[in-house]
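Since every read-out is calculated from the coordinates, none of them should be taken as a lab result. Every value quoted in this text rests on a predicted model; they were computed, and no experiment measured them. Neighbour counts are summed over all protein chains in view; Cβ atoms, including those assigned to glycine, are modelled from backbone coordinates with ideal geometry.
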Amino acid sequence: MCWLCDTKTPQALTGPSSHSPWAPRRAFLLAAGAAAASPVLAQVDVGGASTMRNLVPAETLERSAHQQYAQVLVEARAKGTLAPDNHPQLKRLRAMAARLIPYTRQWNPRVAGWQWEVNLIGSKQVNAWCMPGGKIAFYTGILDNLKLTEDEAAMVMGHEMAHALREHARARLAKSQATGIGLRLGAQLLGLGQVGDMAAGVGTQLLTLKFSRNDETEADLVGLEIAARGAYQPDASVNLWKKMTAANGGKGGLGFLSTHPTGPDRIKQLQANVPKVQALYAHARQSG
């Protein structure tokens, strides 16, 4: 996981902003399933998704991710750390997801078949993640330790969604498998059977997967645009990374110091892209 996916307590989302629908879970599910027309095409430029991901069947990986997600919830429930549906922070996170999900489709057509889910786990871990297929988890540590505002939390969620939308886990697993087995003699002369079969047992790897610098940059920018379309303040992305950099003593990361962009680099990249999505944010505010 990235540091966003490796970096916040229940009071962090300290109250709704003026444009926040704090809806119950039913509203989250209804809104998440509804289609929404994007005002314009993508404004951030991240290029095409990696073709390496095609070495791992998406359906197989998503099924494995769903199983692992269910196991995480079982373990959290057994420890008494899984937030109930009426938990204020969880309700806010689900309302947030309901605002962002309608703007994910242009990034990945597979979203039409995803069953999005958001859960909150009580833990000091500064962490949040989204598995392939739209299974999202936030830890209270990421909300509390950084005292995230609603807009900043939306940037975290957009970032994590972007990893799933851009299928970074699928591509990373494909690359590591291909390297490890030399494409298993060209994946058995491009039959890809054995490479595909390997995807069935990677569920546990999804919780510890490290993304590349390019993956992190893509997730930052795609997440920024999705959040802006959801009427969340784009400048919050910059504020978020300033908080993260400061929290880590100015180093810009925890577990990915050598493989991820530093805090200043990410801030510079985001600052350059915030103007590109300001019109989307303004449109969303006016429409809302």
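Each of LEU100, LEU41 has some number of other Cβ atoms within 10 Å of its Cβ, and from fewest to most they run LEU41, LEU100.
The Kirkwood radius of segment 52-93, taken over pairs of alpha-carbon atoms, gives through the Stokes-Einstein law at 25 °C and 0.890 mPa s a diffusion coefficient of 199 µm² s⁻¹. Sparsely packed loop sites in segment 91-185 (the trypsin sites (Lys or Arg not before Pro) outside DSSP H, G, I, E and B with at most 16 other Cβ atoms within 10 Å) comprise LYS124, LYS147.
What lysines does LYS175 reach when the alpha-carbon gap must be under 24 Å and sequence neighbours fewer than 8 apart in one chain are set aside? Here the lysines satisfying the reach criterion relative to LYS175 are LYS135, LYS210.
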